[in-house]
Amino acid sequence: MDGGGGGGGGGGVVGGGVMVGGGVGPGGGGVGGGGDVELVSKTLQFEHKLFYFDLKENPRGRYLKISEKTSATRSTIIVPVDGVAWFLDLFDYYIRTDERDAFSKELRLQTKVFYFDIGENKRGRFLKVSEASVNRNRSTIIVPAGSSGEEGWEAFRNVLLEINNEASRLYVLPNHPNQIGQQHMEPPERLPGLSDDVGAGFIAGHGSQSASGPEVDVERLVDLPPQEEISGMGMSKVIRADQKRFFFDLGSNNRGHYLRISEVAGADRSSIILPLSGLKQFHEMVGHFVDIMKDRLEGMSSANVRTVEPSQR
């Protein structure tokens, strides 16, 4: 997965010595090693550091590669796609919280654990983000807070937000270049209509096992067109479960409104069309089986954040 950091397009100074740049889609990326497709790339220069943000996709799913480069060192962490929104929340927490009240945090995502710790040295305050996993050695990036507040953390958070927003307009659909999908990278509780029983982290990113399927071609990267071009209602969601994607597209035709549910696994795709008149019954039936399997669902691994006391580290 790891490779050279992506450079974006033209950059500009936005204030406080912060410089950002980036690109989206084929103009700002390409196919890397192992068939990885670069979807979005951004750069952030702050103080003496340069950060590269590369949102990529391979047959196992999407991930965000964040690299920190100084004149002497380079360090990289790999964040599953469903962790981007959790990173946003945690950076917001450290920006909003007084340093005397801020605690270290631990974020568990799939087989990875990310540690967030505030520190201080002669250059000022910083946020240390460490990744620990069974597949690679522990890696750490250091994000300076800035000399006059938290402008460094805010700039870092803003780049994450831009990537989150831009990625929601892009989707790579294996073997179906003419089909349009949309992925929203948000913590599950922010998605309307989902039961709390689903729990955090229900969108599974790439795991330790690779999925069977074709190589992803960069030409299959498409922009999400205006909503009216997709359907009469133009609402779309996608979730990932194990090695499958499920697309939910709310549309309409001369017969009325409907919900199309599509299952994509590798090169295989199948769909069902649910008339609006059956939507409530469908919801009740799914809820019925969620209740039946509630105990098992609660026991499944999911993303979670907890406060870490100094004695626990």
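If R0 is 25 Å, what FRET efficiency do you get for Thr97 and Ala132 from their C-beta distance, rounded to 0.05? Write down the numbers at each step before the final one.
On the way: r = 24 Å, r/R0 = 0.95.
For Thr97 and Ala132, the calculated efficiency is 0.60.
Quick check: residue separation of Asn165 and Phe289 times 0.36 nm, minus the Cα distance between them. What number comes out in nm?
41.3 nm
Counting other Cβ atoms within 10 Å, keep those with at most 16, restrict to DSSP loop, and tell me which trypsin sites (Lys or Arg not before Pro) in region 245-283 are left.
Working: sites: Arg245, Arg255, Arg260, Arg269, Lys280; in loops: Arg255.
For trypsin sites (Lys or Arg not before Pro) across region 245-283 that sit outside H, G, I, E and B with at most 16 neighbouring Cβ atoms in 10 Å, the list reads Arg255.
Can you work out the FRET efficiency for the pair Val113 and Arg296, with r the C-beta to C-beta distance and R0 = 35 Å, to the nearest 0.05?
So the FRET efficiency works out to roughly 0.90.
Using the per-residue mean of other Cβ atoms lying within 10 Å as a proxy for protection, in what order, highest first, do the peptides 151-161, 122-132 fall?
151-161, 122-132
Taking 0.36 nm per intervening residue step and subtracting the Cα-Cα distance, what contour gain separates Ser71 from Arg269 on full extension?
So the extension gain works out to 66.5 nm.
Every read-out reported here was derived from the displayed coordinates using simple, explicitly stated rules and does not represent laboratory data. Bear in mind the structure is a predicted one, so any value in this text is a computation, not a measurement. Every residue, glycine as well, gets a Cβ built from its backbone with ideal geometry; the counts of neighbours run over all protein chains shown.
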